[in-house]
Amino acid sequence: MLVVLLMSGLLNFALIRYAAELPFLKQRVLSIQQSQLLENESYMRDNLNAMAQRLGQMQAQLLRLDTLGERLAKLAGFKPQDFQFNELPGRGGVQSSVPNRDASLGDLTKMVDLLTRQVDDRGDKLSALESLFTIDSAKKKLIPTMLPVIGGVYNSNFGWRIDPFNGQHSLHEGIDFAGSPGTPILAAAGGVVVYAEYHAGYGNMVEIDHGNDLITRYAHCLKLNVKVGDMVLRGAKIAEMGSSGRSTGTHLHFEVRQRGVSVNPAQFLQLPG
């Protein structure tokens, strides 16, 4: 009987003590739960901030790619309205019968990482393509495709003809452009002036080296506006039309020589008619 009473007393004491400590236990559990929630919120907030920063970087990269794409479209000869780089591409499809699932934070992080790598890769490739276009465009500026006289009226073609001085059948190695004395003569392409003085046959003549064994000659000039060593751009005024040298009247004799041999300038120039 004594043992029973003792056990009962101990049980009552434990219950009383538990009841007394219960509020403190509840408070401690709540404190631990709140601490875990704060840690989880902090973790989520840090991850969301990092993801927002990554997305901001991707937006800036996409803006750069849009600008680069527009430049490439212009270099390729397309109109800006042919490619709407700032609009979303059309997408769609029927809804799948497979149940949808919510994307986790880990899934979103992997997707952002993948998109970042893809955007970087596309940017590198587009930059390389732009460099190729730029180099190609620069090369085209060194090919004599521009008429050396505004208006481009010509009166004698490249090829065999009757020589106006001796009446013999001779090869005319260029194209003659008609005009009045002082008419501006323009560089058909960019290059370096390698000859700018009087020649017994050509008269006052300018010779421009465009690289790749390609040279243009501008003969019978009245006045020369450049000297040897000058760098000239496509369309720059290099001389004035005259009738110096072996000439019957005011005109420009224009030649294109490739690897030291005269070729028909019409292969390069877009002649009227």
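The values are calculated or read from the model by the stated rules, or taken from the named source; none is laboratory data. Keep in mind the model is a prediction, meaning the values are calculated, not measured. Cβ: placed from backbone, ideal geometry, glycine included. Neighbour counts: every protein chain shown. Surface areas here come from the heavy atoms of the whole protein model, side chains and all, with no ligands, DNA or RNA. Shrake-Rupley method; radii C 1.70, N 1.55, O 1.52, S 1.80 Å.
For residue 151, indicate whether it is among the small types (Gly, Ala, Ser), modelled with pLDDT of 75 or more and open to solvent by 30 Å² or more (accessible area, probe 1.4 Å). Taking the combined requirement at face value, the residue satisfies it. Checked against (1) modelled with pLDDT of 70 or more; (2) farther than 30 Å from residue 248 by Cβ; (3) assigned to a loop (DSSP other than H, G, I, E, B), residue 119 passes all but condition (3).
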